[in-house]
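The values are calculated or read from the model by the stated rules, or taken from the named source; none is laboratory data. In this text, all values refer to a predicted model and were calculated from it rather than measured experimentally. Methodologically, a virtual Cβ is constructed for each residue, glycine included, from the backbone with ideal geometry; neighbour enumeration extends over all protein chains shown. Each accessible area value is taken on the protein alone, full model and side chains, heavy atoms only, with ligands, DNA and RNA left out. Shrake-Rupley method; radii C 1.70, N 1.55, O 1.52, S 1.80 Å.
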Amino acid sequence: MKKIITICFAFVCVSATAQITVYESNLDKVKSLIKYDYLPFKNRLVVLEAFKRTSTVRPPFYNAISIDENGKSELVIDNEKFRYFNYSSKNDALKGIYQDGFDAKEGFVIENSKKQIIDNKDFINFNQYDNFFDDKYIVILTDDKGKGSINIEKKDIYLTKYDIAKKTMNTVALEKVDIQRLQTKDIKTPKRVSFRPIFNTDSNIEIITKSISKNNNSSVLYRTIYDLNGKKINDYAYKTTLTKGFLSYFATFSTTQNEINAPDNADTSVIPTKDLDFNEFYVDNKTNEVYVYGVEMNSKKDPIGFYINKFSREGNLIWEKFYPVDDDKKGFNDFKLLWKFSSIYLYEFMDDDNVVISISGEKGGMTDLYNHFFVIDKSSGKLVKRSFMSGDLRTRKMYAYGEDMNSVFAQIKIGTDRYCSRSTLIALGLNPKVDKYVRGVVKKGDVFFDSFITSKGVWLMESDDATYFKVTLFKE
């Protein structure tokens, strides 16, 4: 049996709330599936509508609808068969692939209602990093042979920039990442140095590398910033040192899409074994301040809580905090013997005042999920509020041949016929009106809830995955 520990970082506001239904649709044999995504820079929800589901294959999408906080909708894609699409990191453009049977027909990018067709085969399946594009360029990273798995100790990183309007490509090598600082005598040496690329909202790219000390009590996170011509323009370092505990490895949510560049770590005694997976960070888009956080463990490798450090953009420490999770029967203590590894999830929304942190865990694989909430003052790091919620993690038939077949992803059982996602469990603990609404819905059979927790409110998706799909916004 295993126990999974999850840390969710939600940067949100907790205040008075008004609610409004912004979208509602019937589901039946014709309109069979709904998918959705939230655009933080636009404060809009995008809903994808799929039709004519079969029992084994997820149907193609035909419509994409963008919805604002007042329920006003805009038809982004109208009755065109497409496989999927993603919005850019700035939410100013979207890209996708038209579908012809099981095959990709051609790619497209839409910006300000202007559609650009992509017929270059190298970029039709441009999903190496889903949001590596803006309204001008699509970017991919490879080695000199065009392969996506890049050994940066031996090879350069090549950036290929596709100009959407001109339909031209240009490839440049990035100036070399400093590898020597990751290979000093006091640093753990991985089998191969990993990195994580990020495409920023101001059209530059950064390469994330990390080092961890051999005694597991300190680490440095490096952000090397490049322009799209491959020139290094900034190099920042953020050092974390634990005075009592030790850094714990965990599977980080935001690096899973880049797992191709995260090979196994030499230290296989702790899982997961990837050399990026011992902390995570978030950059405040308003102030450029950086929050570094992760799981802390004791000498027996039992998790004891989490740490969070705040830095200036340049790497100067502003404050550092550790918060234990030590409640008997609710915290780590109850599950220590079953603890195997931890996971970390980031909700990238920040309020001017507070950071909301959620730590959740499960034991036995599919039961006994608990959730702790910490509301922390952003300026000082002091604890404002703490609460606890629990639920049961249950299995649902969610996939067929690798395709998600449900409109709402929710596995945590909180009542006889109520299921919610991890983010919704956080919303229930933070917002009494959301909790009252979820528990008060009257339907025959099971009802499923998912949510986006934002600085402007909670977007709550609701469905029985058979007859209806509904979105309610709880405004702050």
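In the set (1) of a type outside the set (Phe, Trp, Tyr); (2) in a strand (DSSP E or B); (3) at pLDDT 60 or above, the condition left unmet by Ser342 is number (3). All conditions in (1) modelled with pLDDT of 85 or more; (2) in a strand (DSSP E or B); (3) of a type outside the set (D, E, K, R); (4) crowded, with 19+ Cβ neighbours inside 10 Å hold for Ile152, with the sole exception of (2). Looking only at the range 161-186, residues that are buried (at least 17 other Cβ atoms within 10 Å of the Cβ) and in contact with a helix residue (DSSP H, G or I) (Cβ under 8 Å, 6 or more places away or on another chain) come to 1 in all.
Restricting the range 167-208 to residues that are in contact (Cβ under 8 Å) with a residue 60 or more places away in the chain and part of a strand (DSSP E or B), the residue that is farthest from Lys155 (Cα to Cα) is Phe199. Cβ-Cβ contacts under 6 Å between residues 6 or more apart (or on different chains), taken from a first residue in the range 75-90 that is open to solvent by 20 Å² or more (accessible area, probe 1.4 Å) to a second residue that is modelled with pLDDT of 70 or more and among the small types (Gly, Ala, Ser), are listed as Val76/Ala64; Val76/Ser66. The single residue among Glu69, Glu24, Glu74, Glu49 that is in a loop (DSSP other than H, G, I, E, B) and either modelled with pLDDT of 60 or more or in contact with a Phe, Trp or Tyr (Cβ under 7 Å, 6 or more places away or on another chain) (or both) turns out to be Glu69.
Pairing residues of the range 416-444 that are over 20 Å from Val356 (Cα atoms) and without any contact (Cβ under 8 Å) to a residue 60 or more places away in the chain with residues that are among the acidic types (Asp, Glu) and open to solvent by 50 Å² or more (accessible area, probe 1.4 Å), at Cβ distances under 7 Å and at least 6 apart in sequence or on separate chains, gives Asp417/Asp446; Tyr419/Asp446. Just one residue in the set Leu221, Leu228, Leu242 is closer than 18 Å to Gly315 by Cβ, open to solvent by 10 Å² or more (accessible area, probe 1.4 Å) and modelled with pLDDT of 90 or more; that residue is Leu242. Collect the residues in the range 187-210 that are at pLDDT 85 or above and touching a Phe, Trp or Tyr at 6+ places or on another chain (Cβ under 8 Å), keeping them in residue-number order. Listed by number, the residues that qualify are Pro197, Asn204, Ile205, Glu206, Ile207, Ile208, Thr209, Lys210. Annotation: of all residues in the range 357-371 being within 19 Å of the chain's Cα centre (by Cα) and of a type outside the set (A, V, I, L, M, F, W, C), the one that is modelled with the lowest pLDDT is Gly361.
On inspection, Asp135 qualifies as touching an Asp or Glu at 6+ places or on another chain (Cβ under 6 Å) and at pLDDT below 85.
Scanning the range 454-476 for residues that are hydrophobic (A, V, I, L, M, F, W, C) and assigned to a strand (DSSP E or B) turns up Val458, Trp459, Leu460, Met461, Phe469, Val471, Leu473, Phe474.
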